1. Considering (1) over 23 Å from Ala162 (Cα atoms); (2) at pLDDT below 85; (3) surrounded by 12 or more Cβ atoms within 10 Å (Cβ to Cβ), say which one Gly95 fails and leave the rest.
2. Being assigned to a loop (DSSP other than H, G, I, E, B), surrounded by 20 or more Cβ atoms within 10 Å (Cβ to Cβ) and at pLDDT below 90 is the filter here, so list the residues in segment 232-247 that pass it.
3. Got at least one residue in segment 211-231 being without any contact (Cβ under 8 Å) to a residue 24 or more places away in the chain, surrounded by 15 or more Cβ atoms within 10 Å (Cβ to Cβ) and in a helix (DSSP H, G or I)?
4. Give me the pairs, please: first residue somewhere in segment 161-181 and touching a residue at least 60 places away in the same chain (Cβ under 8 Å) and closer than 13 Å to Gly238 by Cα, second residue anywhere and basic (Lys, Arg) and in a strand (DSSP E or B), beta-carbon distance under 6 Å, and either six or more positions apart or on two chains.
5. Given the conditions (1) modelled with pLDDT of 90 or more; (2) of a type outside the set (D, E, K, R); (3) out of contact with any Gly (no Cβ under 6 Å at 6 or more places or on another chain), which single one is not true for Leu311?
6. Take segment 196-236 and flag every residue that is among the small types (Gly, Ala, Ser) and under 20 Å from Arg158 (Cα atoms).
7. For the subset of segment 272-295 comprising residues that are over 20 Å from Leu332 (Cβ atoms) and among the small types (Gly, Ala, Ser), which member is farthest from the chain's Cα centre (by Cα)?
8. Which of (1) without any contact (Cβ under 8 Å) to a residue 24 or more places away in the chain; (2) closer than 26 Å to Ser146 by Cβ; (3) in a helix (DSSP H, G or I) is the odd one out, the single condition Ala191 does not satisfy?
Amino acid sequence: MAQGWGPAEVCAQLGAPEDLVMRRAEAGGQLLDVLFLDGVCAGGEIAELILRPLAAMQAPLDARALLERLVQGSVYCATVRRAEGPAEAAELLVGGWCAVIPPEGGCAVCFEVKTPVRRSPSPPESENTVKGAKDAFTETLRINTSLIRRHLQTTQLRLDAAGVGSCARTAVTVCWIEGVTDPTLVARLQARLRSIRTEGFLSPAAVEESVTGARATAFPLLQYTERTDTFCQGLLSGQAGLLVDGLPLGYLLPVCLGRLMTSPEDRAVDYVSATCLRILRYAALLCALALPAVYVAMAEFHQEMIPTSLLLAIIESKRDVPFPTLLEVLGLLAAFELLQEAGLHLPQAIGTAVSIIGGLVVGTAAVDARLVSPAALIVTASSGICGFTLPSRDLSDAVRVWRFALTALAGYAGLFGAAAGFVLLGIHLSGLTSLGVGYLAPFSDVRVKRALLRSCLRQTSEEEENT
């Protein structure tokens, strides 16, 4: 316990910032120092919940009795903590607490009075469903935990708070359901959080690379979602969750290819339709990866595999095109990626116009000018559309990277190169793990049916059992 410290030492810990407010207040015949950060704390709540009760203490009190009155509830604040050192008091001030320091110093009684300025839950922007819930995570950690408790009204829900970051301390919360989540997974996640050496969690990339490790892979090793119902469904299925203060996202671990291919819409429709859509989604994943590579291989090395009428149409369309098929397809893939990035970073109205102009006007002009063939344009566009059907954007980005590699290998060695690329992809995926769980699960064991088929949600009421 640090002795003899007061407001000056706390101010020194913060570097004497201009938004630090220090004032005197009288209570029980004693002069107290009140410290808070303007903008982080609510000034109205400080005046009403702290300063008014302090002014109401008219009876003379000694320093020890006054301190006991502050801790035991004379101040109208729900949350109170006692800071034993200036560093601890400064850390609480940054987190939205008001510190009351007695005349002799040596400790501080801190009350939580965070500013109420925050964003309310809004509908999801990138994970829309027709019949699903319409509340999404916000940047405030406590709002996110309250949303989870509204969806999961169970006493088995566990929330473990921690802090990460050597410079900017960021609050994180590990979520799991006792009796459902494997305790080993929770222990591994908590151990990784304790071992992280970073300045702060200010971006999603910092969270993902710190928690999973900076591996040389484009595939995501943890699942993120902005939907509270998807996050809660992951907890119910045995995953461990991670919430980070300041990020409107929830992270789920461990993750595998089967979980990344599951859409929130699967739980909103009947199991027959969901099963058909899931199988179609896997077919789209295969087409997004293989379609450009197969087209390049067959057009340049294996023309005998193409039906005669189709081969003649391709030859006719490529008669005046000056570029080989490989450069033609790679150029279209690169143009497709540039259009996506332009539509993503521009304002919505301008981005939509750029996508329409780039896709229709420029694409049609390139075909008419004989710079690209219609067949290559159709193959590239079909591959891109198949990539849009994937539920996870991170998985879609990984597919886009490997699509270039597979197409380049097919243009170098035909179908043999494409097959070698798929073998390398399988080896790469089989070597990935997320919290010790294989990335290809459930395809690596007998649970393949569970990944492809969505089971019927059966009721277990007494009436159904009797029926």
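1. Failing condition for Gly95: (1).
2. Answer for segment 232-247, where residues must be assigned to a loop (DSSP other than H, G, I, E, B), surrounded by 20 or more Cβ atoms within 10 Å (Cβ to Cβ) and at pLDDT below 90: just Leu247.
3. Scanning segment 211-231, I find no residue that is without any contact (Cβ under 8 Å) to a residue 24 or more places away in the chain, surrounded by 15 or more Cβ atoms within 10 Å (Cβ to Cβ) and in a helix (DSSP H, G or I), so the answer is no.
4. So the pair list comes out as Trp176/Arg158.
5. Failed condition: (1).
6. First, pick out the residues of segment 196-236 that are among the small types (Gly, Ala, Ser): 200, 203, 205-206, 210, 213-214, 216, 218, 234.
Passing the criteria: only Gly234.
7. Step by step, filter segment 272-295, then rank; the result is Ser273.
8. (2)
The values are calculated or read from the model by the stated rules, or taken from the named source; none is laboratory data. Since the structure is predicted, the reported quantities are computational estimates derived from the model, not experimental observations. A quick note on method: Cβ atoms are made from the backbone with ideal geometry, for glycine too, and the neighbour counts reach across all protein chains shown.
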